[in-house]
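The values are calculated or read from the model by the stated rules, or taken from the named source; none is laboratory data. Just so it is clear, the structure is predicted and the values come from calculations on it, not from any experiment. Here Cβ is always computed from backbone atoms with ideal geometry, including for glycine, and neighbour counts include all displayed protein chains. Side chains are part of the model used for accessible areas, which takes the heavy atoms of the whole protein and leaves out ligands, DNA and RNA. Shrake-Rupley method; radii C 1.70, N 1.55, O 1.52, S 1.80 Å.
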Amino acid sequence: MKRRPSSCNPAELMQKSVTWLLFFSGLFWLLLLAYFRVIFNGGDTVDKFTNLQPTPSQTQPSQPDLLPPPDSYPSTIDDEFIKPEPTPSQTQPSQLHLRPPPDSYPFIRALRTAENKSDPCGGRYIYVHDLPPMFNEDIVKDCKNLSLWTDMCKLISNGGLGPALENDEAVFSNSRMYDSNQFVMDLIFSNRMKQYDCLTQDSSISAAIYVPFFAGLDISRHLWFQNVSVRDALTLALVDWLVQKPEWKIMDGKDHFMVAGRVTWAFRRIGDGESQWGSNLFRLPAVKNMSILVVEASPWSTNDFAIPFPTYFHPTKDVEVFEWQDRMRKFERPWLFSFAGAPRPGYPQLIRGQIIEQCKNSKFCHLLECVSGEKQKCYSPSNVMQMFQSSQFCLQPTGDSFTRRSSFDSMLAGCVPVFFHPATAYTQYTWHLPRDYSKYSVFISEDDIRKKNVSIEERLLQISPEQVKIMREEIISLLPRLIYADPRSKLETLKDAFDITVQAVIDKVTKLRKGIIEGHEDPNVPEHLAWKYALLEDGQHEVGPHEWDSFFSERKR
């Protein structure tokens, strides 16, 4: 029987065998290479995650993974990140990046201080930059040149509080009061910071970093008759100094804050024309990363925040605050409403002229018109406070800018403020005043006054005496949050405006840091809507149409 001939000759069989051998050999080395890549690239990440001491629910095998959507992030910085099953939209090539472990962030140590319950300063430490004296001490020494019209050397005495006030007419309490200038907040805040109970020399544990630059006092020297290069010189030098510091480079200054003791417009010069007002401090890119505290913020900016103007009252002990509150409750208030201020005939868009006219025509209004021979009465703290203490309502229209120091003086006197523009208080002092403005104030649209649609007297007479008493009590209870204690002492249990401000800055920085770790930094808020975002409650993220849109429809500056 004959054998069938083979279809392949020996040479062809040898060629196929070699091909298969090369294929399996290559596959073996590829698998081996992949194995070592996982070991060497993933091992360090795994070790760092396991060092966080996960809870039982977090004991699944931990490996670098895809970034989950923001709403799936854990609520604390120590939770291990466990990724849910990815959706198709999460597997796009543009999103295939690894999340750094929490321990890799340079500010993680600062965040974790809050977990130490035995440390009263945990999560509250403040690091203060040691600036060269030209940025603060030398400015104070140059007090004779801080104002063309006022003796600022006198007004920066007593740690920035100014000279003590006499109490000849029993307008003030037995506690010493001070003739505090509204533009010395830089100095008052800096001196209060020296008394802060959680200062640290270790920036790695600081919840925020304070820059003690006296921006307001600096620009006061140059607002008039100085060219822009002189006005900007010290601010540019400050930025050059800051950006070189290792503390700045951790977050590009987003954990830094400073106080500029004037209204925001003094630092927002438009252009470089010699006739343009102010410096360009707030327009510098580096400064935009910082939190800037001013007595009036811009409704169209996301990095400056309004804090109360200084008043005349700077207590040294809690009991002095309690005594003041009791006195404000007991005052007889014969006047329904009052106004202290000057008309602005050169500014027809303002309503001061109409307010003064309505006050003059009402037997229920007390007017302190700051013109000609009456100006000295307006500059007398005792005259102003006496008027506020005898009034139920105090009118607070806009003037040179949105806000007024008078608003805080009137509330200090227990007088219910009447506002005509939401930027005078409601969109400004959101850290210090209730979001529900009807609890402590009355709002009358300036447009209604301008068009003579509203009688202020009739509007206020519609409010019952019982409601007025409730509103006054709300203001009196708020007073500790609106005043600055004497920087040479410390309140025992009460939190003053300084304490509220520092905690708000800490909360802001802490939220930002946690957001960075969790993968969702602060949203890119459109600046023209900044005032809306400032009004959002905790947990709210979206803004929509608002009853005050017409007041902010055009950016004024």
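Observations, loosely collected:
- Segment 409-557: C-alpha gyration tensor shape, a/c 1.5 cut-off, then a/b vs b/c: oblate
- Taking all protein chains into account, the per residue accessible area for segment 369-526 stands at 39 Å² (1.4 Å probe).
- Largest to smallest in accessible area, the residues V230, V294, V239 fall in the order V230, V239, V294 (1.4 Å probe, all protein chains included).
- For segment 409-502, a crude dipole built from +1 on the beta carbon of Lys and Arg and -1 on the beta carbon of Asp and Glu, taken about the Cα centre, is about 120 debye to the nearest 20.
- Shape of segment 371-481, Cα gyration tensor, a/c cut at 1.5: rounded
- Accessible area of segment 175-302 belonging to carbon and sulfur atoms, whole % at 1.4 Å probe: 50 percent
- Take the Cα of R283, go 7 Å toward its beta carbon, and the backbone nitrogen atoms of segment 226-245 under 19 Å from that spot belong to 226-240.
- Accessible area per residue for segment 97-218, computed on protein heavy atoms with a 1.4 Å probe, is 45 Å².
- For segment 382-421: rounded, prolate or oblate by the Cα gyration tensor [a/c cutoff 1.5]: prolate
- Going by accessible surface with a 1.4 Å probe and the largest first, H432, H520, H222 read H520, H222, H432.
- Accessible area of segment 438-535 belonging to carbon and sulfur atoms, whole % at 1.4 Å probe: 50 percent
- The alpha-carbon of K249 sits under 25 angstrom from the alpha-carbons of these lysines, leaving out residues fewer than 8 places away in its chain: K48, K194, K288, K508, K511, K514.
- Cβ-based net charge around I351, under 11 Å, with every Lys or Arg adding one and every Asp or Glu removing one: +1
- When K490, K469 are compared by accessible surface with a 1.4 Å probe, the order from highest to lowest is K469, K490.
- The GluC sites (Glu not before Pro) of segment 309-384 meeting both criteria, a DSSP state outside H, G, I, E and B (loop) and at most 11 other C-beta atoms within 10 angstrom of the site's C-beta, are E332.
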